[in-house]
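Note sheet for the following structure.
The values are calculated or read from the model by the stated rules, or taken from the named source; none is laboratory data. Being a predicted model, the structure only gives us computed values, none of them experimental. Note that each Cβ is placed from the backbone with ideal geometry, even for glycine, and that neighbours are counted across all protein chains shown. The accessibility values were calculated without ligands, DNA or RNA, using every heavy atom of the protein model including side chains. Shrake-Rupley method; radii C 1.70, N 1.55, O 1.52, S 1.80 Å.
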Amino acid sequence: MRALRPLRLLRLLRLLLVVPLLLLAACTSGPDDEGDDAPYRWPELAPGQRWQPPPGTGWQWQLTGRLDTSVKAPVYDIDGFNTTKAQVAELKKAGRKTICYLSTGAWEDFRPDAEAFPRDLLGKGNGWEGERWLDIRRVAELEPLMAKRFDMCRDKGFDAVEPDNMDGYRNTSGFPLTADDQLRYNRLIAKLAHDRGMAVGLKNDLDQIPQLVGDFDFAVNEQCAQYDECERLTPFIEAGKAVFHAEYELSTSRFCKRSRELKLSSLQKRYDLDAWRKTCP
């Protein structure tokens with residue numbers, strides 16, 4: 001795990017969910033963002049067809065603070081638990097697509113269903129307060145827990161899911177997880193979303209992109225430019241699937257040129273993932 005990688009957020013930041021943020025003026029719009037208040041227009045989906053964002057689709061990623069629904073982005077990636085059905089409906093009315101952020105590979109003690117997880121499923125901490133890796137080999141126990149979370153996303157009206165902590169096998173989890181364990185679990189997570197009519201994104205897990213690109217509808221990546229890894233996401237672009245990418249420590253002048261060449265949907269964000277964003281000019 002990267003020491004600064006914001007997989008989820010410190011409990012202190014969760015408290016900001018009730019505090020209005022005065023940062024909206026700092027947000028900027030890029031060429032893939034809407035310039036007025038007209039609803040976004042997406043291609044009509046055939047019956048049974050899932051939404052699949054194409055390369056270059058603009059996005060907003062906000063997991064803390066009062067949700068700013070005025071950001072001119074066609075896609076919103078927002079917290080599944082803290083976002084209300086009414087907020088999702090408001091975004092849908094404006095033509096936005098919504099992605100439901102969930103942690104599927106780690107336990108969080110601040111979630112309302114935390115007590116439902118058997119304690120022997122919980123491994124070592126993942127570097128964030130109140131969070132521990134899950135034993136993803138125990139699919140019989142984890143599947144119904146995750147299914148309830150995916151039901152929540154569907155019932156709130158989300159179009160897709162961003163499952164986080166999808167690379168426990170590459171970290172010190174407290175369990176002897178293998179690459180095969182991770183592939184099996186990640187494909188289960190994709191199936192749970194697809195069975196409910198939602199798209200699903202592969203979060204990080206660069207090593208397994210060749211095996212998983214066919215199972216996922218888009219990718220979400222942190223810091224591939226900083227770590228010189230962005231080319232590894234090309235299989236998603238070649239498959240006609242968006243790569244939603246964020247950098248924290250690099251300015252847009254450091255990564256946007258290469259992002260455009262690779263057709264990534266890139267943002268500069270702060271580590272707390274509040275409403276502020278800067279898109280590529």
key: Carbon/sulfur fraction of accessible area - region 65-221, other protein chains in place, 1.4 Å, %   = 49 percent
query = Which one of Tyr169, Leu142, Gln223 is farthest out on the positive end of the charge dipole of the chain, using unit charges on Cβ (Lys, Arg +1; Asp, Glu -1) and the Cα centre as origin?
reply = Gln223
key: Among Leu262, Leu134, Leu192: highest mean-square fluctuation, GNM of the chain, C-alpha pairs under 10 Å   = Leu262
remark   = Of all DSSP beta bridges having both residues in the chain, the percent classed as antiparallel (nearest 5) is 20 percent
key: Long-range amide H partners of Ser103 with built H, under 5 Å   = Asp164
key: Protein-only accessible surface order, largest first, of Glu162, Glu261 at 1.4 Å   = Glu261, Glu162
request  = Quote the charge dipole size of the chain about the Cα centre in Debye, to the nearest 20; the model charges only the Cβ of Lys and Arg (+1) and of Asp and Glu (-1).
outcome  = 260 debye
request  = Work out the length of the dipole vector of region 180-268 about its Cα centre, built from +1 on the beta-carbon of each Lys and Arg and -1 on the beta-carbon of each Asp and Glu, and round it to the nearest 20 debye.
outcome  = 340 debye
ask   = Which lysines does Lys278 reach when only Cα atoms under 16 Å apart count, and residues fewer than 8 places away in its own chain are ignored?
value = Lys72, Lys257, Lys269
request  = Whole number please: convex hull volume per residue, Cα atoms of region 137-281, in Å³.
outcome  = 128 Å³
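Could you work out [θ]222 nm for the chain from helices alone, using -39500 (n - 2.57) per DSSP H run of at least four and dividing by all its residues? Round to the nearest 500 deg cm²/dmol.
-7000 deg cm²/dmol
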Probe 1.4 Å, accessible area per residue of the chain, Å² = 43 Å²
request  = Quick one: which residues, 5+ away or cross-chain, put their amide H under 5 Å from the amide H of Tyr76? H built at 1.01 Å from N.
outcome  = Gln60, Lys97, Thr98, Ile99
ask   = If the cut-off is 15 Å between C-alpha atoms, which aspartates and glutamates fall inside it for Lys156, apart from same-chain ones fewer than 8 positions away?
value = Asp77, Asp79, Glu90
query = Taking the mean number of other Cβ atoms within 10 Å as a proxy for protection, how do you rank 153-159, 72-78 from highest to lowest?
reply = 72-78, 153-159
